[in-house]
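Everything on this sheet refers to the single structure shown next.
The values are calculated or read from the model by the stated rules, or taken from the named source; none is laboratory data. Please read all numbers here as calculations on a predicted model, not as lab measurements. A quick note on method: Cβ atoms are made from the backbone with ideal geometry, for glycine too, and the neighbour counts reach across all protein chains shown.
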């Protein structure tokens, strides 16, 4: 891994870490923009596949950065990207966790709870739409996304079952 | 909603760092395909009794609005509560160590087989379903948070600039986050 690549990985994911308000998925559009269109570490199609792998695999879906780092600079890149993504926000949360417990009725706590949540919802929806635009190419894929969304929203079914079913539907040639 | 003061008067729960790491490892492995936050609550609140439901839910809210992956943040939060800095580190490592190996393994398999047409066809299905996970999460969280005009405006603006215009996140949040905090600051009878 070249020093420049290491620096870019630290900068991209360290920044993404601090900007990922509303969870890791909110910076997926930003990571896609930089990793695909600016640094060319991977193609848009590869990015969509990696997104799917990280979503379906156990653990936090933010481990998409592990795979992006792997594409950029192999195993070392994978570990560096993961650390860069987790450390800055983790330190912030740690400091926050300590002060939060002493501020049950403070105005800032109420403002944080109510003011940032709607922005986060917009970002999460945007991440779904952005990936759908690069990944879903056929009407049958859109239909599959719509059906799976409906199932996720209305039932308590383990998402893995739906993901596996979708894989089977795709494998059988219907997506 | 918070009329009862929830001072943790009773003895705080104790856990070793190893226990924290193993517990979060179990949570991570249970979440194959998603549902990580549901599993976190199940284990942290019901099985371990490390937090009450109220405390867990407000911790979830913080972890959602603070930057960082929600579940990683939650591990930091729970670990910090039970065992300070070393607890936070143990919980995070427990949560991600094995999943990192799994995700890299899946990624390698993908590199070896991604040109196989049937693997590509199956992946098209998986991608379609994983997009659905994001969409349904937006729906579920939106149903709880978008209850008046203010939140709807914040939601619509952030979606529009992130998905349609594709503005980089930093300038967008620099404008939008202060607006959100200003709107939600309890000056009068907010909400």
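Determine, yes or no, whether residue B:135 is under 21 Å from residue A:113 (Cβ atoms), in a helix (DSSP H, G or I), modelled with pLDDT of 85 or more and at the interface with chain A (Cβ under 7 Å from one of its Cβ atoms). Please lay out each step first, then the result.
On the way: under 21 Å from residue A:113 (Cβ atoms): no; in a helix (DSSP H, G or I): yes; modelled with pLDDT of 85 or more: yes; at the interface with chain A (Cβ under 7 Å from one of its Cβ atoms): yes.
No.
Here's a check for you: in the range A:117-144, which residue that is within 16 Å of the chain's Cα centre (by Cα) and more than 7 Å from chain B (Cβ to nearest Cβ) is surrounded by the fewest Cβ atoms within 10 Å (Cβ to Cβ)?
A:133
Out of the residues in the range B:65-83 meeting the condition of being touching a residue at least 12 places away in the same chain (Cβ under 8 Å) and facing chain A (nearest Cβ under 7 Å), tell me which one is farthest from residue A:14 (Cα to Cα). Before the answer, list the steps.
We begin by selecting, within the range B:65-83, every residue touching a residue at least 12 places away in the same chain (Cβ under 8 Å); these are B:70-72, B:74-79, B:81-83.
Checking the rest, the ones that are also facing chain A (nearest Cβ under 7 Å) come to B:70-72, B:76-77, B:81.
Numbers: B:70: 16, B:71: 17, B:72: 15, B:76: 17, B:77: 20, B:81: 25 Å.
Per the criteria, the residue is B:81.
Working carefully through the options A:89, A:111, find the one that is farther than 17 Å from residue B:141 by Cβ, in contact with a helix residue (DSSP H, G or I) (Cβ under 7 Å, 6 or more places away or on another chain), within 7 Å of chain B (Cβ to nearest Cβ) and surrounded by fewer than 22 Cβ atoms within 10 Å (Cβ to Cβ).
On the way: A:89 fails: surrounded by fewer than 22 Cβ atoms within 10 Å (Cβ to Cβ).
Unique residue meeting the criteria: A:111.
Check residue A:41 against each of (1) part of a loop (DSSP other than H, G, I, E, B); (2) within 7 Å of chain B (Cβ to nearest Cβ) and name the one condition it does not meet.
(2)
If only one of A:147, A:106 is more than 14 Å from residue B:125 (Cβ to Cβ), over 17 Å from the mean Cα position of the chain (by Cα), more than 7 Å from chain B (Cβ to nearest Cβ) and modelled with pLDDT of 80 or more, which one is it?
A:106
Among B:94, B:125, B:142, which is more than 7 Å from chain A (Cβ to nearest Cβ) and surrounded by 20 or more Cβ atoms within 10 Å (Cβ to Cβ)? Full working, then the answer.
Details: B:125 fails: more than 7 Å from chain A (Cβ to nearest Cβ); B:142 fails: more than 7 Å from chain A (Cβ to nearest Cβ).
Of B:94, B:125, B:142, the one residue that is more than 7 Å from chain A (Cβ to nearest Cβ) and surrounded by 20 or more Cβ atoms within 10 Å (Cβ to Cβ) is B:94.
Hey, does the range B:108-118 have a residue that's under 30 Å from residue B:25 (Cα atoms), out of contact with any strand residue (DSSP E or B) (no Cβ under 6 Å at 6 or more places or on another chain), part of a helix (DSSP H, G or I) and within 8 Å of chain A (Cβ to nearest Cβ)?
Initial filter on the range B:108-118 (under 30 Å from residue B:25 (Cα atoms)): B:108-114.
Restricting the remaining residues to those that are out of contact with any strand residue (DSSP E or B) (no Cβ under 6 Å at 6 or more places or on another chain) gives B:108-114.
If we keep only those that are part of a helix (DSSP H, G or I) as well, we get B:108-113.
Restricting the remaining residues to those that are within 8 Å of chain A (Cβ to nearest Cβ) gives B:110.
Yes, some residue in the range B:108-118 is under 30 Å from residue B:25 (Cα atoms), out of contact with any strand residue (DSSP E or B) (no Cβ under 6 Å at 6 or more places or on another chain), part of a helix (DSSP H, G or I) and within 8 Å of chain A (Cβ to nearest Cβ).
Quickly run through the range A:1-38 and pick out the residues that are within 28 Å of residue B:138 (Cβ to Cβ) and over 16 Å from the mean Cα position of the chain (by Cα). Steps first, please.
The initial filter retains those residues of the range A:1-38 that are within 28 Å of residue B:138 (Cβ to Cβ), namely A:12-38.
Correct list: A:37, A:38.
Of these, B:161, B:155, which one is more than 7 Å from chain A (Cβ to nearest Cβ), part of a helix (DSSP H, G or I), touching a helix residue (DSSP H, G or I) at 6+ places or on another chain (Cβ under 8 Å) and surrounded by 14 or more Cβ atoms within 10 Å (Cβ to Cβ)?
Working: B:155 fails: more than 7 Å from chain A (Cβ to nearest Cβ).
Being more than 7 Å from chain A (Cβ to nearest Cβ), part of a helix (DSSP H, G or I), touching a helix residue (DSSP H, G or I) at 6+ places or on another chain (Cβ under 8 Å) and surrounded by 14 or more Cβ atoms within 10 Å (Cβ to Cβ) holds for just one of B:161, B:155, which is B:161.
Mind checking which residues of the range A:150-167 are within 7 Å of chain B (Cβ to nearest Cβ) and without any contact (Cβ under 8 Å) to a residue 40 or more places away in the chain?
A:152, A:153, A:158, A:159, A:162, A:166, A:167
I'm trying to understand the selection: among the residues of the range B:164-191, which are outside any loop (DSSP other than H, G, I, E, B) and more than 7 Å from chain A (Cβ to nearest Cβ)?
Filtering the range B:164-191 down to residues outside any loop (DSSP other than H, G, I, E, B) leaves B:164, B:169-184.
B:164, B:171, B:172, B:174, B:175, B:178, B:179, B:182 - these are the residues of the range B:164-191 that are outside any loop (DSSP other than H, G, I, E, B) and more than 7 Å from chain A (Cβ to nearest Cβ).
From the set of residues in the range A:150-175 that are surrounded by fewer than 15 Cβ atoms within 10 Å (Cβ to Cβ) and over 28 Å from residue B:28 (Cα atoms), which is modelled with the highest pLDDT?
A:172
Looking only at the range A:17-38, count how many residues are part of a loop (DSSP other than H, G, I, E, B) and either surrounded by fewer than 24 Cβ atoms within 10 Å (Cβ to Cβ) or touching a strand residue (DSSP E or B) at 6+ places or on another chain (Cβ under 7 Å) (or both).
Residues in the range A:17-38 being part of a loop (DSSP other than H, G, I, E, B) and either surrounded by fewer than 24 Cβ atoms within 10 Å (Cβ to Cβ) or touching a strand residue (DSSP E or B) at 6+ places or on another chain (Cβ under 7 Å) (or both): 1 in total.
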